[in-house]
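Peer 1: Take a look at the following structure, please.
Just so you know, all these numbers are worked out from the coordinates, no wet-lab data involved. Computed from a predicted model, the values in this text were never measured in an experiment. Glycine gets a Cβ as well: all are built from the backbone with ideal geometry, and neighbour counts include every protein chain shown.
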Amino acid sequence: MASGGESSAPAEDEGGVPLDIDDVHLLLQVEQEQIQKRTFTNWINAQLSKRSHPAVVQDLFSDLGDGTRLLDLLEVMSGQRMKRERGRGVFQHRGNIETALNFLKNKSIKLVNINIPDIIEGKPSIILGLIWTIILHCHIEELASTLSYGSRSSSLDSLSSLDSVPGSPSSSPVPRGTSPLHNRFRLSAKKTLLLWVREQCQKAGCSASVRDFKSSWRTGEVFLAILCSLRPDLVDLSQVQTSSHRENLERAFHLAEKELGIPRLLEPEDIDVSNPDEKSIMTYIAQFLQYSNDLPVADDDFELQTPLFPTSLSPVNLPTYFTPAVLTSPIHKVQTSQSACEFLHSFPLAKYHSSPLHQPLHVSTFFLI
């Protein structure tokens, strides 16, 4: 297979002097931070574009300092209006951020070492940690909770040590009463997403080994296999072996955006590296799962489960790629003023309810992986 353009030579500074190990680690840390910054910024802007009055984040580290963009994002993810402080002073900024953090805490979302002054100052590690927490709890976990698995326990066995891989996000126990997949096999959201990816590869006839959300994705083959599974007319996997990593990656990202409407969060140079960023890849791949959930026909092994009577209505515009997971989110308030009959008439995915494959989904919250 043709390879990417990365060199295996020792890292050097601009003057050609080899860097010591500490400098290399620092360089890799900065590189990973920049990739996460771009990915998370693109993801936030994709969510904010769904508002009736779209907003844009230009600089992730500075634009969240007044709290308004955080509140905008949570409104889109939860479907609830957020109270805002009037004025543009530091007091108002603190009030807005406090409202956002308290909202997350009240929904049992654990925030570790995330403080208001650090967000106002735009500390990179704090901002990235906060946004990843929102992505994981309000997006990835909600999408993963719509999946139930059949009986291929052999595929699950190979995931048993996934969370122990060095550098991967830590895993928390999955509580009882979760979705069938999690209740039966007690899988984290990361394992569930990885298992879904493997099923798509198998469906597409791709033999690539998908062990993680890092180096397994470097060649671009897995991205193309997922595309092929969702839209077989778009991809010829036989061409993968004769193309370079970056050509495969560019083709996958371009087709996903053009044909599936999936926002382009990544660039080929973000993935064709020795150690791609796990969180960025998970954030991007979750969009394919969201697209899959919108398809009217469920897979034989993964069954989409939608509530017969959704629990809430969003007061803001529904997302372009609206999925049942949004309605079953634990961060949604239950609206008791509207009857189920009235809701079904206004529910854009009501056609799903006629399918015998769709059963009520138990509302549940996953824990951080």
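Peer 1: What is the packing order of peptides 123-130, 212-219, taking the mean over residues of other C-beta atoms within 10 Å and listing the highest first?
Peer 2: Put in order of decreasing packing, that is 212-219, 123-130.
Peer 1: Run the simple label-point estimate for Arg264 and Ser125 please: 7 Å along Cα→C-beta, distance reported in nm.
Peer 2: 3.3
Peer 1: Let me ask something additional. Given the pairs Lys105/Lys190; Lys110/Lys279; Lys110/Lys214, which are separated by over 20 angstrom at their Cα positions?
Peer 2: Values: Lys105/Lys190 22 Å; Lys110/Lys279 18 Å; Lys110/Lys214 25 Å.
From the list (Lys105/Lys190; Lys110/Lys279; Lys110/Lys214), the Cα-Cα distance tops 20 Å for Lys105/Lys190; Lys110/Lys214.
Peer 1: Taking the simple approach of a point 7 Å from Cα along Cα-to-Cβ for both Ser207 and His254, what is their distance in nm?
Peer 2: Roughly 2.8 nm, to one decimal.
Peer 1: Still on this structure: List the pair-distance distribution P(r) of the range 236-276, using every Cα-Cα distance, as the percent of pairs falling in each 5 Å bin from 0 up to the bin containing the longest distance, rounded to whole percents.
Peer 2: 5, 24, 28, 23, 18, 3
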